[in-house]
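Remarks on the structure that follows.
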Ligand code: SF4
């Protein structure tokens, strides 16, 4: 995973074996998703995966190898998360 601006140092998966996020075995997948569920940099993770159009692995709690989840991942950030601050009046 590329660390663009230091956010990776806060990742819940930082000290774990990366293979966990690239194994589609259901038991291992569940363990990886549990890390993502409490990860404080999920937003940044999703944005990077979206930028690179990842098609393998788990990113931001989404399985890129599952078509429905990959579609959400590639559109990150999700529609309910503001992408930028509203313009201010001058
Ligand atoms: S969301 Fe998941 S894959 Fe992404 S940095 Fe956090 S723990 Fe790692």
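The values are calculated or read from the model by the stated rules, or taken from the named source; none is laboratory data. Being a predicted model, the structure only gives us computed values, none of them experimental. Don't worry about glycine lacking a Cβ; one is built from the backbone with ideal geometry, like all the others, and counts go over all protein chains shown.
Miscellaneous remarks
- Set 20, 14: member being free of Cβ contacts under 8 Å to residues at least 40 places away in the same chain, within 8 Å of the ligand (Cβ to nearest atom) and surrounded by fewer than 18 Cβ atoms within 10 Å (Cβ to Cβ): 14
- Of everything listed in (1) assigned to a loop (DSSP other than H, G, I, E, B); (2) surrounded by 14 or more Cβ atoms within 10 Å (Cβ to Cβ); (3) touching a residue at least 24 places away in the same chain (Cβ under 8 Å), the single unmet condition for residue 50 is (1).
- Selection of region 29-47 for residues being assigned to a helix (DSSP H, G or I) and within 18 Å of residue 76 (Cα to Cα) yields 33, 36, 37, 42, 43, 44, 45, 46, 47.
- The set of residues from region 53-74 being in a loop (DSSP other than H, G, I, E, B) and either at pLDDT below 95 or within 11 Å of the ligand (Cβ to nearest atom) (or both) comprises 54, 57, 60, 61, 64.
- Inspection of region 2-10 finds no residue satisfying the criterion of being surrounded by fewer than 19 Cβ atoms within 10 Å (Cβ to Cβ), near the ligand (Cβ under 8 Å from one of its atoms) and at pLDDT 95 or above.
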